[in-house]
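**Student:** Provided herewith is a single structure, encoded as structure tokens, for subsequent inquiry.
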Amino acid sequence: MKSPEVGAPDTRILRVDETDEGKRLDVYVSQKLSLSRSRVQKLIENELVQLNKENAPASRKVKEGDILSVSIPPVETDDGVLPEDIPLDILYEDDDIIAVNKPRGLVVHPACGNRSGTLVNALLAYTDKLSTVGGPKRRGIVHRLDKDTSGVILLAKNDVAHMNLAKALEKRTIEKTYLAIVAGIPGAKEGCIDTPIGRHPVQRKKMAVTRKGKTRAAETFYKVIKEFRGYALLKVQPVTGRTHQIRVHLKSIGHPIVGDKVYGFRKGESFGMTGQALHAFSLAFSHPVTGEKMYIEAPMPEDMRAVIAELESKVE
């Protein structure tokens, strides 16, 4: 029995060639249309995939010359997440991924207290080609940036790209580089902060360097790029991806990020920043579908440039 559909389906016609002969039907369709295997299996169960004009099980092996018709219904979003006309700064886009320069203050996806005005709302208005792995509230979202952290964020346009990017993140083969303006000048001009992070023992909405309770290993490399009077600009590369990792680690060595009100930056010294002076500067990774080496960079935002200009003026 077919499931009810919303809107007109996108019908694709595939012809099996010699190189794909012998593959399972679900595997073949998944690879050719960049859909997750579980989604393809649901399409097959709902009789939306036909092999030579007949229904066939997911385990059927395809043969050279077979003709497949695949009807892909639009993904239902019954949770109230709506498209919104929010400008996007697109750094890169192809058939599989989008890289966006997220501004400070923009929440990545809807959650309690942020049902609208998020990056996901903006993406839904920009394109209907977004991965579905994370569910309707996280269409396309593979990794996150804090609301008040700016910079490059990588998004998946289909489920295959999403799953491959997720695997790369798990294996730590995506190199992330951040820029941070911090209070004080680290004594060691470069180093590695290798301390576990868990929930703050008292303030449960915060994270902390702690060995109590449930903690996770965390590792962050930093390098001083420029020194000012009482401040420094750092290049920071997190190896792991814990919640608030960079902010917590820099706070733990006595160098909180300018403007970070949550992790102890001194009041009255935010230089007018509306959030922390932390910017996701670049991502280096292998393309999740083609394997091509990729490097995407987001220029430092104007608010951080203004802080640096003010600090440089105090040095002179």
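**Student:** For a quick check of your reading: which strands (runs of 3 or more DSSP E) sit entirely within the range 28-121 and have at least 1 residues that are of a type in the set (A, V, I, L, M), touching a Lys or Arg at 6+ places or on another chain (Cβ under 9 Å) and surrounded by 15 or more Cβ atoms within 10 Å (Cβ to Cβ)?
**Tutor:** Details: elements: 49-51, 67-72, 90-93, 97-102.
Result: 49-51, 67-72, 97-102.
**Student:** Go through Thr290, Thr243 for me and flag whichever is assigned to a loop (DSSP other than H, G, I, E, B) and either crowded, with 21+ Cβ neighbours inside 10 Å or modelled with pLDDT under 95 (or both). Working first, answer last.
**Tutor:** Details: Thr290 fails: either crowded, with 21+ Cβ neighbours inside 10 Å or modelled with pLDDT under 95 (or both).
One residue alone meets the criteria, Thr243.
**Student:** List every residue pair whose Cβ atoms lie under 7 Å apart, where the two residues are 6 or more positions apart in sequence or sit on different chains, the first residue falls within the range 288-301 and is closer than 14 Å to Leu154 by Cβ, and the second residue, located anywhere, is among the aromatic types (Phe, Trp, Tyr).
**Tutor:** Going by the 7 Å Cβ cut-off, the qualifying pairs are Met294/Phe285; Ile296/Tyr92; Glu297/Phe281; Ala298/Phe281.
**Student:** What tally of residues in the range 65-94 results from selecting those that are of a type in the set (Asp, Glu) and modelled with pLDDT under 95? It would help to see each step written out before you state the result.
**Tutor:** In the first step, residues of the range 65-94 are kept if they are of a type in the set (Asp, Glu); the result is 66, 76, 78-79, 84-85, 89, 93-94.
Those left that are additionally modelled with pLDDT under 95: 76, 78-79, 84-85.
Residues in the range 65-94 being of a type in the set (Asp, Glu) and modelled with pLDDT under 95: 5 in total.
**Student:** Using the structure shown, decide if Thr210 is of a type in the set (Val, Ile, Thr) and under 21 Å from the mean Cα position of the chain (by Cα).
**Tutor:** So Thr210 does not fit the description; no.
**Student:** Give the residues of the range 228-245 that are closer than 17 Å to Ala188 by Cβ and in contact (Cβ under 8 Å) with a residue 60 or more places away in the chain, sorted by residue number. First the steps, then the outcome.
**Tutor:** At the first step, the residues of the range 228-245 found to be closer than 17 Å to Ala188 by Cβ are 231-237.
Of everything in the range 228-245, those that are closer than 17 Å to Ala188 by Cβ and in contact (Cβ under 8 Å) with a residue 60 or more places away in the chain turn out to be Tyr231, Leu233, Gln237.
**Student:** Next question. Regarding the range 224-235, can at least one residue be identified that is in contact with a helix residue (DSSP H, G or I) (Cβ under 8 Å, 6 or more places away or on another chain), of a type in the set (Val, Ile, Thr) and assigned to a strand (DSSP E or B)?
**Tutor:** There is no residue in the range 224-235 that is in contact with a helix residue (DSSP H, G or I) (Cβ under 8 Å, 6 or more places away or on another chain), of a type in the set (Val, Ile, Thr) and assigned to a strand (DSSP E or B).
**Student:** Filtering the range 140-157 down to residues that are buried (at least 20 other Cβ atoms within 10 Å of the Cβ) and within 16 Å of Leu278 (Cα to Cα), which residue is nearest to the chain's Cα centre (by Cα)? Steps first, please.
**Tutor:** Start the filter on the range 140-157 by keeping residues that are buried (at least 20 other Cβ atoms within 10 Å of the Cβ), which leaves 140-142, 145-146, 148-157.
Imposing the further condition that a residue be within 16 Å of Leu278 (Cα to Cα) reduces the set to 145-146, 148-153.
Details: Leu145: 7, Asp146: 11, Asp148: 15, Thr149: 13, Ser150: 13, Gly151: 11, Val152: 9, Ile153: 5 Å.
Taking the candidates together, the pick is Ile153.
**Student:** Still on this model: Of all residues being part of a loop (DSSP other than H, G, I, E, B) and among the hydrophobic types (A, V, I, L, M, F, W, C) in the range 246-279, which is modelled with the lowest pLDDT? Just the residue, please. Even if it seems obvious, please write down each step before you answer.
**Tutor:** From the range 246-279, those part of a loop (DSSP other than H, G, I, E, B) are 253-256, 258-277; that's our starting set.
If we keep only those that are among the hydrophobic types (A, V, I, L, M, F, W, C) too, we end up with 253, 258, 262, 265, 271, 273, 277.
Details: Ile253: 96, Val258: 94, Val262: 91, Phe265: 68, Phe271: 86, Met273: 87, Ala277: 96.
It comes out as Phe265.
**Student:** Let me ask something else. Can you tell me which residue within the range 128-160, out of those that are among the β-branched types (Val, Ile, Thr) and part of a strand (DSSP E or B), is modelled with the lowest pLDDT? So that I can check it myself, show each step before the final result.
**Tutor:** Applying the first criterion (among the β-branched types (Val, Ile, Thr)) to the range 128-160 yields 132-133, 141-142, 149, 152-153, 160.
Of the ones still in play, those that are also part of a strand (DSSP E or B) are 141, 152-153.
Numbers: Ile141: 94, Val152: 98, Ile153: 98.
Result: Ile141.
**Student:** If you don't mind, another one. Working only within the range 185-202, note down all residues that are over 27 Å from the mean Cα position of the chain (by Cα) and farther than 14 Å from Leu250 by Cα.
**Tutor:** Residues satisfying the conditions are Pro201, Val202.
Let's see how each residue does on (1) closer than 22 Å to Ser34 by Cβ; (2) surrounded by fewer than 17 Cβ atoms within 10 Å (Cβ to Cβ); (3) among the hydroxyl-bearing types (Ser, Thr, Tyr):
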position: Arg138; (1), (2), (3): yes, no, no
position: Asp159; (1), (2), (3): yes, no, no
position: Lys167; (1), (2), (3): yes, yes, no
position: Ile193; (1), (2), (3): no, no, no
position: Thr210; (1), (2), (3): no, no, yes
position: Arg216; (1), (2), (3): no, yes, no
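**Student:** Answer yes if at least one residue in the range 219-232 is out of contact with any strand residue (DSSP E or B) (no Cβ under 9 Å at 6 or more places or on another chain), in the same structural domain as Lys314 (by TED's automatic domain parsing), over 30 Å from Val133 (Cα atoms) and at pLDDT below 95, and no otherwise. Lay out the reasoning, then the answer.
**Tutor:** From the range 219-232, those out of contact with any strand residue (DSSP E or B) (no Cβ under 9 Å at 6 or more places or on another chain) are 229; that's our starting set.
Filter once more, keeping what is in the same structural domain as Lys314 (by TED's automatic domain parsing): 229.
Filter again for over 30 Å from Val133 (Cα atoms), leaving 229.
Next, from what is left, pick out any that are at pLDDT below 95: 229.
The answer is yes, given that some residue of the range 219-232 is out of contact with any strand residue (DSSP E or B) (no Cβ under 9 Å at 6 or more places or on another chain), in the same structural domain as Lys314 (by TED's automatic domain parsing), over 30 Å from Val133 (Cα atoms) and at pLDDT below 95.
The values are calculated or read from the model by the stated rules, or taken from the named source; none is laboratory data. A quick note: this is a predicted structure, and the numbers were derived from the prediction, not measured. Counting neighbours? That spans all protein chains shown, and the Cβs are built from the backbone with ideal geometry, glycine included.
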